[in-house]
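Participant: Below you'll find the structure I mean.
The values are calculated or read from the model by the stated rules, or taken from the named source; none is laboratory data. Small disclaimer: the values here were computed from a predicted structure and weren't measured. Here the Cβ is made from the backbone with ideal geometry for all residues, glycine too, and neighbour counts use every protein chain on show.
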Amino acid sequence: TQLLEQSPQFLSIQEGENLTVYCNSSSVFSSLQWYRQEPGEGPVLLVTVVTGGEVKKLKRLTFQFGDARKDSSLHITAAQPGDTGLYLCAGGGAGGTSYGKLTFGQGTILTVHP
Amino acid sequence: DARVTQTPRDKVTEMGQEVTMRCQPILGHNTVFWYRQTMMQGLELLAYFRNRAPLDDSGMPKDRFSAEMPDATLATLKIQPSEPRDSAVYFCASGFSSGEWTDTQYFGPGTRLTVL
């Protein structure tokens with residue numbers, strides 16, 4: 001069974017601060033996705049990383065996939081109240097018959113105070 | 001703006017009752033996923049279909065849960081009989097698959113189920 005551990009579970013910060021969320025596993029994933037979920041809605045995909053060591057930037061968000069494709073991080077610079085939400089990482093199976101099957105981490109609840 | 005739709009959005013029922021949740025995937029998507037989200041377990045995959053055929057339902061309690069795709073525009077998840085431990089938010093997601101790769105999964109708004 002492939003498991004993903006996210007940390008921290010909860011993060012409460014002030015507007016303008018930086019933060020990093022981590023996603024770790026003992027398993028190798030073919031891809032790693034990050035989602036953001038707001039109350040009453042489904043998760044929305046932010047980014048997909050597929051290559052070990054890959055770094056992707058989305059405005060103030062920086063995503064990194066570990067060299068061994070077992071871990072990932074999400075870094076937010078100068079957080080804003082609009083960044084508040086549940087952040088989920090999800091790993092895609094390493095080939096075979098995964099057909100897009102994802103394993104989700106437990107999530108990190110981020111609250112950014114004005 | 002294509003979206004996955006789910007009905008009902010909220011369902012309150014009593015233990016032992018049958019519950020049916022419906023999902024309309026985005027037109028053109030050939031893969032449908034059913035997830036369950038709780039505070040304790042997070043987001044768990046229950047079952048998924050490709051081209052209407054079930055690929056994997058190992059995450060689903062077989063004795064009471066069943067998932068079907070009567071046609072390409074409708075996926076259903078049924079619980080019979082329902083139990084209080086089934087209380088959760090159930091999400092449907094759809095995507096396009098080619099070979100062993102599935103493109104972005106688009107999630108619906110979820111059905112919040114409460115079993116009393």
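Participant: Which of the residues belonging to the range A:12-31 are modelled with pLDDT of 90 or more, assigned to a strand (DSSP E or B) and in contact with a Ser or Thr (Cβ under 6 Å, 6 or more places away or on another chain)? Let's see the steps before the verdict.
Facilitator: Just the residues of the range A:12-31 that are modelled with pLDDT of 90 or more, to begin with: A:12-25.
Going one step further and asking which of them are assigned to a strand (DSSP E or B), we end up with A:12-14, A:19-24.
Within the range A:12-31, A:Ser12, A:Thr20, A:Val21, A:Tyr22, A:Cys23 meet the criteria.
Participant: So, in the range A:6-33, of the ones that are within 11 Å of chain B (Cβ to nearest Cβ) and within 14 Å of the chain's Cα centre (by Cα), which residue ends up surrounded by the most Cβ atoms within 10 Å (Cβ to Cβ)? First the steps, then the outcome.
Facilitator: So in the range A:6-33, the residues within 11 Å of chain B (Cβ to nearest Cβ) come out as A:6, A:9, A:30-31, A:33.
Add one more test, that the residue is within 14 Å of the chain's Cα centre (by Cα), and what stays is A:6, A:9, A:31, A:33.
Values: A:Gln6: 20, A:Gln9: 12, A:Ser31: 21, A:Gln33: 24.
Restricting to residues being within 11 Å of chain B (Cβ to nearest Cβ) and within 14 Å of the chain's Cα centre (by Cα), the top hit is A:Gln33.
Participant: Still on this model: So which of A:Gln37, A:Gln106 ends up being closer than 23 Å to B:Met40 by Cα, within 11 Å of another protein chain (Cβ to nearest Cβ) and at pLDDT 95 or above? So that I can check it myself, show each step before the final result.
Facilitator: Numbers: A:Gln106 fails: at pLDDT 95 or above.
Matching residue, one of A:Gln37, A:Gln106: A:Gln37.
Participant: Please note which strands (runs of 3 or more DSSP E) are completely contained in the range B:3-116 and include at least 1 residues that are basic (Lys, Arg). Show your work before the answer.
Facilitator: Values: elements: B:5-7, B:10-13, B:19-24, B:31-38, B:42-50, B:53-56, B:65-71, B:74-79, B:88-95, B:111-115.
Fully inside the range B:3-116 and qualifying: B:10-13, B:19-24, B:31-38, B:42-50, B:74-79, B:111-115.
Participant: Under 7 Å by Cβ, and 6 or more places apart or on different chains, what pairs join a residue from the range B:40-61 that is more than 9 Å from every other protein chain (Cβ to nearest Cβ) and closer than 14 Å to B:Val89 by Cβ with one that is surrounded by 15 or more Cβ atoms within 10 Å (Cβ to Cβ) and hydroxyl-bearing (Ser, Thr, Tyr)?
Facilitator: As it stands, the answer is B:Leu46/B:Tyr35, since those pairs meet every condition given.
Participant: Looking at A:Val112, A:Val47, which one is part of a strand (DSSP E or B) and without any contact (Cβ under 8 Å) to a residue 40 or more places away in the chain?
Facilitator: Details: A:Val112 fails: without any contact (Cβ under 8 Å) to a residue 40 or more places away in the chain.
That would be A:Val47, the only listed residue that is part of a strand (DSSP E or B) and without any contact (Cβ under 8 Å) to a residue 40 or more places away in the chain.
Participant: Kindly indicate whether any position in the range A:65-81 is within 8 Å of chain B (Cβ to nearest Cβ) and modelled with pLDDT under 95.
Facilitator: Here is the first cut: in the range A:65-81, the ones within 8 Å of chain B (Cβ to nearest Cβ) are none.
Checking the range A:65-81: not a single residue is within 8 Å of chain B (Cβ to nearest Cβ) and modelled with pLDDT under 95.
Participant: Which of the residues that make up the range A:13-26 are in contact (Cβ under 8 Å) with a residue 60 or more places away in the chain and closer than 13 Å to A:Cys89 by Cβ?
Facilitator: Restricting attention to the range A:13-26, the residues satisfying the condition of being in contact (Cβ under 8 Å) with a residue 60 or more places away in the chain are A:13-19, A:21, A:23, A:25.
Within the range A:13-26, A:Val21, A:Cys23, A:Ser25 qualify.
Participant: Another question, if that's okay. For the range B:88-116: of the residues being within 14 Å of the chain's Cα centre (by Cα) and among the polar types (S, T, N, Q), which is nearest to the other protein chains (Cβ to nearest Cβ)? Break it down into steps so the answer makes sense when it comes.
Facilitator: First pass over the range B:88-116, keeping only residues within 14 Å of the chain's Cα centre (by Cα): B:88-95, B:105-113.
Filter again for among the polar types (S, T, N, Q), leaving B:94, B:105, B:111.
Numbers: B:Ser94: 11, B:Gln105: 7, B:Thr111: 11 Å.
The extreme case among them is B:Gln105.
Residue by residue, here is whether (1) closer than 26 Å to B:Leu55 by Cα; (2) surrounded by 15 or more Cβ atoms within 10 Å (Cβ to Cβ) holds:
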position: A:Tyr35; (1), (2): yes, yes
position: A:Pro39; (1), (2): no, no
position: A:Pro43; (1), (2): yes, yes
position: A:Lys59; (1), (2): no, no
position: A:Ala68; (1), (2): no, no
position: A:Gly91; (1), (2): yes, yes
position: A:Gln106; (1), (2): yes, yes
position: A:Leu110; (1), (2): no, yes
position: A:Pro114; (1), (2): no, no
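Conditions (1) out of contact with any helix residue (DSSP H, G or I) (no Cβ under 8 Å at 6 or more places or on another chain); (2) within 21 Å of A:Gly91 (Cα to Cα); (3) surrounded by fewer than 15 Cβ atoms within 10 Å (Cβ to Cβ), marked per residue:
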residue: B:Val4; (1), (2), (3): yes, no, no
residue: B:Lys11; (1), (2), (3): yes, no, no
residue: B:Glu14; (1), (2), (3): yes, no, yes
residue: B:Arg22; (1), (2), (3): yes, no, no
residue: B:Met40; (1), (2), (3): yes, yes, yes
residue: B:Asn51; (1), (2), (3): yes, no, yes
residue: B:Pro84; (1), (2), (3): yes, no, yes
residue: B:Phe96; (1), (2), (3): yes, yes, no
residue: B:Leu113; (1), (2), (3): no, no, no
